Structures are given as structure tokens and as C-alpha cells.
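Read the structure below first, then the notes.
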Amino acid sequence: MTIARIGNVTGHSKSGYSNYRNDHFWLFNQSCVQFGAYPDNGQTIEMTPVDVLARALGALALHPRAGLHVANLQNPARIGQREWFDALSKLGLVAKAEAPGEWQLRLAGQDASSGLALLREFYTGDLSWHDTPVEQAGTIALLAQFDIDLTADYARLIDVYTCYLLGERFFTVKEAALAAT
């Protein structure tokens with residue numbers, strides 16, 4: 001039996017297609033762009049494209065192993081929060097670093113159109129961040145036997161996802177222009 005522990009599942013690596021309207025990661029980013037700021041807490045971002053995850057899950061299901069195993073299925077590479085928002089800014093989706101306490105004050109004034117309107121309580125406490133180490137060596141080695149690599153190129157994904165989300169009007173030019181002022 002294999003227990004699959006998945007990370008932050010994002011859109012398709014080629015089309016960008018995703019469930020962005022019901023995804024905490026994208027709702028958080030939408031709100032940061034709407035606010036023009038993000039909580040600068042040193043967080044790292046991990047994205048695993050859904051098609052890459054599907055291939056990995058398929059390989060694990062088609063090649064069962066005896067005994068109990070845990071497969072940590074997430075992109076082994078991460079991108080820094082500042083690097084993430086700098087990349088978004090270059091594409092017109094501006095959010096500047098802000099002290100977490102100041103950013104939290106913005107939550108009080110948000111309206112129902114904010115991506116975080118339903119998730120506000122999640123961000124009212126301590127926003128300090130510490131990455132949790134994930135042991136993936138065994139999973140990565142096993143998947144390599146099936147020509148599956150969980151590592152994704154963040155620069156390419158950012159372009160693909162941003163293009164898709166702008167096309168879907170999840171991020172709008174108006175939000176990007178307002179955030180830049």
C-alpha cells in the first residue's frame with residue numbers, strides 16, 4: 001500500500017487550466033494583487049502541476065510495491081515569496097512586500113470580492129513561516145524509474161499560469177493597474 005502525500009497542486013503545466021476559484025493558493029495571490037501587498041514573512045512557494053502529479057499517481061498505482069510506503073509527491077524545488085511576487089510584478093500583477101501585521105490590517109477592510117473574504121480567519125493569527133522538511137529521496141528515485149520528474153520550471157509555470165488566469169479574468173488588468181499605484 002502506498003500513501004500519497006501531495007503538495008500544492010496547481011494548474012496544468014502546459015495550459016494552466018486549474019480550479020483557481022476554489023484554490024486557497026490562488027485566492028491568496030488574487031487578494032495580494034488586489035491589496036497591492038503581501039505579508040513578507042519569508043514563506044516559500046511549492047507548485048506541483050496537476051498533470052505531473054497525475055502521471056506520478058498513475059505510475060505508483062500501476063506499479064504497486066509490497067508493504068506500506070509513503071510517497072511525498074510535491075515539487076522538490078521551491079521559489080521564495082519575494083521572487084514569486086517579483087515575477088508576478090514583471091507581468092503586471094504588482095504586490096509589494098509589507099510587514100505581516102500591516103498586511104493583516106488590510107483584511108479588516110476587504111469586501112466580498114476579495115479572494116480571501118471566506119478565508120480571512122486563517123490569516124488573523126501568527127503569520128511567521130517555517131518550511132517543514134520533506135523527505136523525498138525514495139519517491140524521487142522510484143519515479144525516475146518511470147521517467148517522471150516532479151521538478152517544475154517556475155519561470156515557465158509563472159508565465160503559463162499568469163496568462164491563463166488573466167485570460168479567465170481571475171486576475172484583471174484593472175487589479176494590476178490599481179495595485180501598481
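Answer with yes or no whether R106 is modelled with pLDDT under 90, in contact with a strand residue (DSSP E or B) (Cβ under 8 Å, 6 or more places away or on another chain) and either polar (S, T, N, Q) or under 19 Å from V33 (Cβ atoms) (or both).
yes
Restrict the check to region 50-62 and report whether at least one residue is under 16 Å from the mean Cα position of the chain (by Cα), more than 27 Å from F170 (Cα to Cα) and surrounded by fewer than 13 Cβ atoms within 10 Å (Cβ to Cβ). No.
On the given criteria, is D147 free of Cβ contacts under 8 Å to residues at least 40 places away in the same chain and either basic (K, R) or closer than 18 Å to C32 by Cβ (or both)? Judged against the criteria, D147 is not a match. Filtering R21, R82, R55, R78 for residues that are of a type in the set (K, R) and closer than 14 Å to A4 by Cα leaves a single hit, R55. The residues listed here are R78, R82, R65, R106; of these, the one that is farther than 30 Å from D149 by Cα and in contact (Cβ under 8 Å) with a residue 12 or more places away in the chain is R106.
Consider region 10-24 and keep the residues that are modelled with pLDDT of 95 or more and not polar (S, T, N, Q). The one that is nearest to the chain's Cα centre (by Cα) is G11.
Residues in region 123-137 that are touching a residue at least 60 places away in the same chain (Cβ under 8 Å) and not charged (D, E, K, R): Y123, L127, S128, W129, V134, Q136. Would you check if R5 is in contact (Cβ under 8 Å) with a residue 24 or more places away in the chain, among the charged types (D, E, K, R) and under 20 Å from G167 (Cα atoms)? Criteria not met by R5.
Of a type in the set (A, V, I, L, M), more than 19 Å from S31 (Cβ to Cβ) and modelled with pLDDT under 95: is that true of A77 in this structure? Answer is yes for this residue. If you go through region 41-81 and pick out every residue that is among the small types (G, A, S) and touching a Ser or Thr at 6+ places or on another chain (Cβ under 9 Å), you end up with 6.
Enumerate the helices (runs of 4 or more DSSP H) found wholly within region 84-181, keeping only those where 2 or more residues are exposed (fewer than 15 other Cβ atoms within 10 Å of the Cβ) and either more than 17 Å from the chain's Cα centre (by Cα) or among the hydroxyl-bearing types (S, T, Y) (or both).
100-108, 137-144, 173-180
Among the residues of region 96-128, those identified as of a type in the set (S, T, Y) and within 17 Å of D40 (Cβ to Cβ) are Y123, S128. What residue, among those in region 1-49 that are among the charged types (D, E, K, R) and assigned to a loop (DSSP other than H, G, I, E, B), is surrounded by the fewest Cβ atoms within 10 Å (Cβ to Cβ)? Top of the filtered list is K14.
The values are calculated or read from the model by the stated rules, or taken from the named source; none is laboratory data. All values reported here derive from a predicted model rather than from experimental measurement. So basically every Cβ, Gly included, is an ideal-geometry build from the backbone, and we count neighbours across all protein chains shown.
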